[in-house]
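Just so you know, all these numbers are worked out from the coordinates, no wet-lab data involved. All of these numbers come straight from a predicted model, not from anything done at the bench. Reconstructed Cβ throughout: ideal geometry from the backbone, glycine too, with neighbour counts over all protein chains shown.
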Amino acid sequence: MRRQHAVDIFMWVLCGIALALVILPAVDIILDVLIHSAGSWSLGLLTTTTFGEGGGLLNAWTGTLVLMFLLFLLAAPIGVLGGIYLAEYSSLRGARILRFASEMLAGVPSIVVGYVIYLVFVIVFGWSFSVLAGVLALTIMVTPYIMKSTEAALNQVPSNLREGGSALGLSHSLTIRRILLPIALPGILNGLVVAEAIGMGETAPLIYTAGWSNSLPTLQLIHQPIGYLTYAVWTYINQPSAQAHQLAYSAAALLLIFLLLLIGLSRWVGTRASRYTSRFQV
């Protein structure tokens, strides 16, 4: 009994060390960004555009929101529908091909995706640096994650619910829409949050495709570059002036705030969805 107790304590210590190795670097990064950006926070930072190595980040944070909104509109339907196909029609040949393509895309470096979109759409199609080219690059990157999370969420739904839908005379597609998707919604939302977070933190593919603009975003999707926060972080942290460094840290802090708001929204929607789906639990 003493030996078992000692082993239990040892394993709990190892788990605590592993947890600390995950949490402490994250806390250190967040504190470092917040401390370095604290001196530059003002209303002008959010309401003025970037000029030179100074100014504000209005063009960058609004451009980031535009890119993330369009990314959600394009990637979410493709990824969720692809995940449904993989989960519910896995025996078909098309599902095997789709899974192979998804796994291959998930392993392609983001800068390679950006360069391919640059060659095809920016150069060959003549879109120039544009919002749509950047959104296409991000969509190719994050769609495999959405598909995988959707498939995993649907596979966790008890199989007897599928059988119950068939016993009630529901078609397979109706069973998916009315029974399976509501139950799998929290898992699907987690996948969408991860996808949006990945897209929000990318720089390399957007440099090749979206370019950079000191102006506010417009409704023009092609032939018009756009600003975004990761470019400000990547560019101004490498400049020699303290003003540029302040701008880079402020952009990083805004990215962290947007990410926390995104996670909070996902948790809130997931909680409401769990209350609805609890009636299906067996």
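One residue stands out among those in region 194-222 that are part of a loop (DSSP other than H, G, I, E, B) and touching a Gly at 6+ places or on another chain (Cβ under 7 Å): the one that is surrounded by the most Cβ atoms within 10 Å (Cβ to Cβ), which is A210. Put simply, of G52, G16, G44 the only residue that is free of Cβ contacts under 8 Å to residues at least 60 places away in the same chain, of a type in the set (G, A, S) and on the phi > 0 side of the Ramachandran plot is G52.
Tell me yes or no: at least one residue of region 58-75 is buried (at least 22 other Cβ atoms within 10 Å of the Cβ), not β-branched (V, I, T) and not in a helix (DSSP H, G or I). No, there is no match, as no residue in region 58-75 is buried (at least 22 other Cβ atoms within 10 Å of the Cβ), not β-branched (V, I, T) and not in a helix (DSSP H, G or I).
There is no residue in region 84-107 that is closer than 30 Å to T218 by Cβ, without any contact (Cβ under 8 Å) to a residue 24 or more places away in the chain and either touching a Ser or Thr at 6+ places or on another chain (Cβ under 9 Å) or in a helix (DSSP H, G or I) (or both).
Per the conditions (1) under 26 Å from the mean Cα position of the chain (by Cα); (2) surrounded by fewer than 18 Cβ atoms within 10 Å (Cβ to Cβ); (3) over 30 Å from S173 (Cα atoms), the sole criterion not satisfied by A106 is (3). Taking every residue in region 109-123 that is over 19 Å from G199 (Cα atoms) and pairing it with any residue that is of a type in the set (S, T, Y) and not in a loop (DSSP other than H, G, I, E, B), at least 6 positions away or on another chain, the pairs with Cβ-Cβ distances below 7 Å are V122/T209. The sole residue among L180, L262 that is among the aliphatic types (A, V, I, L, M) and either surrounded by fewer than 21 Cβ atoms within 10 Å (Cβ to Cβ) or under 21 Å from the mean Cα position of the chain (by Cα) (or both) is L262.
Scanning region 128-173 for residues that are among the aliphatic types (A, V, I, L, M) and touching a Phe, Trp or Tyr at 6+ places or on another chain (Cβ under 9 Å), which turns out farthest from A195 (Cα to Cα)?
Within region 128-173, the subset among the aliphatic types (A, V, I, L, M) is 131-133, 135-138, 140-142, 146-147, 152-154, 157, 161, 167-168, 170.
Now drop any that are not touching a Phe, Trp or Tyr at 6+ places or on another chain (Cβ under 9 Å), which leaves 132-133, 136-137, 147, 157, 161.
On the way: L132: 17, A133: 18, L136: 14, A137: 13, M147: 10, V157: 22, L161: 28 Å.
Across region 128-173, the extreme among qualifying residues is L161.
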